[in-house]
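These notes concern the structure reproduced below.
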């Protein structure tokens, strides 16, 4: 596991003053995310401004109709690219779980999971208008690429099925509720059923195997990175605005962050993660994460 992606010191400063906490956000640089440079003027919009609270953002409200549409095209593609990344990780995890499976039943189970995730991935790739699937480069959760190469089935299961798929379920339900495209609604409904089953089976299997001290150390590092990564996700909205309107001033960024209620959104995401970890009685892991300030 790369030490570069597992620097837990980034998560230990829960008592820093607010301005210092905002500084990396206000200089948030544009990730090479979402293939946004490929945006077309006729690109689809599956979620409206209200879904992202962009309707409350002053710089968005004062933009032209064409600029608003361009921003929403970016945010739609952003969601699809994130889902594409998650399903790619899902396929790779299923392949690893098949290889690590101790019984025919377990290998068969994860073969089914792989088939379902591959189907999800194919559908999403179609909406991204990709004629060819280029080499995969994770943009939202890059640390998972190395993590999935590990050989501890129970550690992988906890992260990928208990925590990640549990968090995905909550996210996809919100996107389903606000979606304005019937084909996406139908797909998300089907995918949620599969995800729910994967999550439930993962929790059952995880409970059957104890964790060693080494396992807990690995989980703490990965979960610390995950809590940091999910708090970066809403700032892609700021990025989308700047891609269309140009660079915002520091004051404009601070105002947009407040209008988007990013602090409130991130607090809800962290609460959800806290619940997913705590309900599996992972007391030592949770205590260490709280000590590091990961839920602040």
Open item on the list: Kindly evaluate residue 157 against the criterion of being closer than 17 Å to residue 268 by Cβ, in contact with a helix residue (DSSP H, G or I) (Cβ under 9 Å, 6 or more places away or on another chain) and either modelled with pLDDT under 95 or surrounded by 17 or more Cβ atoms within 10 Å (Cβ to Cβ) (or both).
Closed with: no
Task: Residues of the range 188-205 satisfying the condition of being surrounded by fewer than 20 Cβ atoms within 10 Å (Cβ to Cβ) and more than 18 Å from the chain's Cα centre (by Cα) - done: 189, 190, 193, 197, 200, 201, 203, 204, 205
TODO: Might you check whether a residue that is without any contact (Cβ under 8 Å) to a residue 12 or more places away in the chain, outside any helix (DSSP H, G or I) and closer than 24 Å to residue 109 by Cβ occurs anywhere in the range 193-200?
DONE: no
- [ ] Please find, within the range 141-184, the residue that is nearest to the chain's Cα centre (by Cα) out of those that are more than 16 Å from residue 92 (Cα to Cα) and not in a helix (DSSP H, G or I).
- [x] 179
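Take residue 223 and tell me if it is surrounded by fewer than 20 Cβ atoms within 10 Å (Cβ to Cβ) and either farther than 19 Å from residue 75 by Cβ or within 18 Å of the chain's Cα centre (by Cα) (or both).
no
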TODO: Of the numbered conditions (1) assigned to a helix (DSSP H, G or I); (2) under 20 Å from residue 97 (Cα atoms), residue 187 fails exactly one; give the number of that condition.
DONE: (2)
Task: Odd one out for residue 217, checked against (1) free of Cβ contacts under 8 Å to residues at least 12 places away in the same chain; (2) more than 30 Å from residue 153 (Cα to Cα) - done: (2)
Task: Residues of the range 231-289 classified as in contact with a helix residue (DSSP H, G or I) (Cβ under 6 Å, 6 or more places away or on another chain) and without any contact (Cβ under 8 Å) to a residue 24 or more places away in the chain, total - done: 2
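The values are calculated or read from the model by the stated rules, or taken from the named source; none is laboratory data. Predicted model, so just to flag it, every value in this text is computed and none were measured. We place every Cβ from the backbone using ideal geometry, glycine too, and count neighbours over all the protein chains shown.
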